[in-house]
1. Taking N as the number of residues in segment 240-365, what is its Cα Rg relative to 2.2 N^0.38 Å?
2. What order do you get for 23-29, 355-361 when each peptide is scored by the mean count of other beta carbon atoms within 10 Å, highest first?
3. Taking the simple approach of a point 7 Å from Cα along Cα-to-Cβ for both L193 and T334, what is their distance in nm?
4. Express the carbon and sulfur contribution to the solvent-accessible surface of segment 2-90 as a percent, rounded to the nearest whole number, probe 1.4 angstrom.
5. Based on the mean of other beta carbon atoms within 10 Å per residue, what is the order of 88-99, 144-155, most packed first?
6. Give me the one-decimal nm value for the distance between modelled label points at L164 and E221, 7 Å along each residue's Cα-to-Cβ direction.
7. Candidates (1) 5, 24, 30, 21, 14, 5, 0; (2) 5, 17, 16, 12, 11, 11, 11, 11, 6, 1; (3) 4, 17, 24, 24, 19, 9, 2, 1, 0, 0; which is the computed P(r) over Cα pairs in 10 Å bins from 0, in percent?
8. Using helices alone, what [θ] at 222 nm do you get for the chain, with -39,500 (n - 2.57) per DSSP H run of 4 or more residues, divided over all residues and rounded to the nearest 500?
Amino acid sequence: MTSTTSPGELTAGAVISLIEAGAYPREIVATIARGFLPLAQEDLIGVLAYLASSGDEELAAVARDTLAAELPARAVFEYASNERIDPAHLTRLLQVTTDNLILEALIRNRGLPDSVIVDLARRADPHVQEVIVINQARILRAPEILDALLENPALSPDARRRALETREEFFEKRARIQREADAAEEEAELLDLPLDAISDLLEKAAEQEHEPATPPAPLLESERQDPRKATLWARLNFMTVAEKVQLAFRGDRMARMLLVRERNKLICAAVMRNPRMSDQEAEQIAAMRNVDDEVLRIISVRRDWMSKYNILIALCRNPKTPVGVVLPLINRLTLRDLKALKDDKGVQHVVREMARKAFVNRSQK
């Protein structure tokens, strides 16, 4: 064996490097696996953890036995608890130890990477699951640990209960409170918005005060999964037309996209007058097939929106758009879009015919 490292300079890292470089014959490595190496105990544990996790099953078994039976349990426990130890050594020890006390110490050790605990959570036995789930400081730092734990096919009922309670208390509840606070703050800002711009709509809404309120448009399947949308939709069921008109004019994007689908034209019109309505929303609404045609008519008379080609073509392609709105727009389409429109069986026949004529005329020039 040739080495420039003297025994006094040996560390766990140095010995592992020499073993990986093939500097030691196998019989020397086997001797090291039995714990016979002039190393500080801390470094010896690091080397044994490395050998115990190696691909050589014979050497690995010897190193595991040495860790479990030959070294003082207190020394291994202190090593597992030491946050100054190289994370790579701690990770290897976690992978090879079967001692629950050592596992507990490693799980609590902040020096061990969170990603290692995530991997452990997916396969841990019930005792280790318990240690993982009560380590709230680490879970708060790495919430993915909870997800991994819940994926564990051997998860005990008690650990599952604790994991779900932790998720609810520290993540879902906190997120819900934050969403509610954000919504309340935004709603407070919007309440200051003057209603002069919709005074005509509010007057007509007052005339409908005693009429039965129509239920809100049903939620789409994807929207049902959003707690905020589901909550707002539930509120809409108890609102009067006048209240919906005000919310449509003052509300945020989520409120606008729900209320624009209402069957009451006053509510839809209030949405389209909302000063926060963006060009992107107008384009999305122009393509919607579950809105009243009055909404599409309102879009078509807004110069700023109709100067945007994406909004114009969305109206032309929408079968709900009144023919009287579409026909004047056809001549503004590109040749490629005219070709697509003339073959689009989803739009009305007269629209296809007008697009075909415009396409033929444009092609012949």
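1. 1.13
2. Ranked from most to least packed, the peptides come out as 355-361, 23-29.
3. Taking the simple label geometry, L193 and T334 are separated by 3.4 nm.
4. The computed percentage sits at 53.
5. 88-99, 144-155
6. Taking the two extended label points, one gets 2.6 nm.
7. Read-out from the structure maps to (2).
8. After summing the helix terms and dividing by the residues of the chain, the value is -18000 deg cm²/dmol.
The values are calculated or read from the model by the stated rules, or taken from the named source; none is laboratory data. These figures come from a predicted structure and were not determined experimentally. In this analysis, Cβ positions are derived from the backbone assuming ideal geometry, glycine residues included, and neighbour counts consider all displayed protein chains. Note: accessible area is taken over every heavy atom of the protein model, side chains too, but ligands, DNA and RNA are not part of it. Shrake-Rupley method; radii C 1.70, N 1.55, O 1.52, S 1.80 Å.
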